[in-house]
């Protein structure tokens, strides 16, 4: 990333090539107490590749992957999890969603039923931080995977390495109270890395979007950006039609969306592409 | 190596976080994760791949 800050552009490096850098960071940090290694997306993947060796040396006690990229881009049928399932560790138990610690997470989302917070958010790291702290205090956290991917399908639920399962695949997008947004490109094709599932509700543009980055602009891609567009549409709607209920918005988001993919709602595009003009004019 | 620290220096557990592809260590999601973990009492150290 340092290269992008200095103005040069190149595709992201292969995760394997970053292993020495990650190990170098662990060596340079040498904290006095316990160390958990991890990162976001590709960063967490690199950490997962060095975790076993560092754990064996007693250098780390845990691994925290936020938004682990379970699938290579555009290849949802492939998984990048063989090494995760093989991670060695001491005895431990698999923690499933719905058990004690996840209860508070569910509670936090349950309290956010108001319109302002009803629209979509990406895997919300802030919601998970408390669970990580609980698991750390209980001495249970070793591998925590938050965000995308299917733990059951990846075989992680049976991994020898203790797994702190903070939330199952698709959460928090899959919570009933959440309007889950997927992303499309300029030709209305689904973003290749986007997760599919019964919780996908509506689509909005999210591929190669121009966004302010480091004082200039850059192209960004992600369901996060599509979610922001739906959030903005709902905010606009609240302005031009004050008083409409969250239920009305949800129903009409679905009714006015432009159908994409298979006819009707499907697990790729949900009800289809957001159509703000039709939504604002809906009766 | 330059680290970006959050949370109490005396914390018993430090979490080392690397960024995702195409995003800096101080992207919005990294800031949110670091702030949330720091608020739980962790010391968080972030670094950037070269």
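The values are calculated or read from the model by the stated rules, or taken from the named source; none is laboratory data. What you see is a predicted model; the values in this text were computed from it and never measured. Neighbour counts run over all protein chains shown; Cβ positions are idealised from the backbone, glycine included.
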- Task: With respect to residue B:26, determine if the residue is touching a helix residue (DSSP H, G or I) at 6+ places or on another chain (Cβ under 6 Å) and more than 8 Å from chain A (Cβ to nearest Cβ).
- Result: no
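Residue-wise test of (1) at the interface with chain A (Cβ under 7 Å from one of its Cβ atoms); (2) without any contact (Cβ under 8 Å) to a residue 60 or more places away in the chain; (3) within 22 Å of residue A:27 (Cα to Cα).
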residue	(1), (2), (3)
B:1	yes, yes, yes
B:8	no, yes, yes
B:13	yes, yes, yes
B:16	yes, yes, yes
B:22	yes, yes, no
B:32	yes, yes, no
B:38	no, yes, yes
B:47	yes, yes, yes
- Message: With the requirement that a residue be touching a residue at least 60 places away in the same chain (Cβ under 8 Å), part of a loop (DSSP other than H, G, I, E, B) and on the phi > 0 side of the Ramachandran plot, what does the stretch A:255-282 give you?
- Response: A:261, A:272
- Message: Could you tell me how many of the residues in the stretch A:238-254 are assigned to a helix (DSSP H, G or I) and surrounded by 14 or more Cβ atoms within 10 Å (Cβ to Cβ)?
- Response: 7
- For chain B, list the strands (runs of 3 or more DSSP E) that sit wholly inside it and hold at least 3 residues that are within 16 Å of residue A:62 (Cα to Cα); which are they? B:13-18, B:43-47
- Task: Determine if the stretch A:20-43 includes at least one residue that is within 11 Å of chain B (Cβ to nearest Cβ), in a helix (DSSP H, G or I) and at pLDDT below 65.
- Result: no
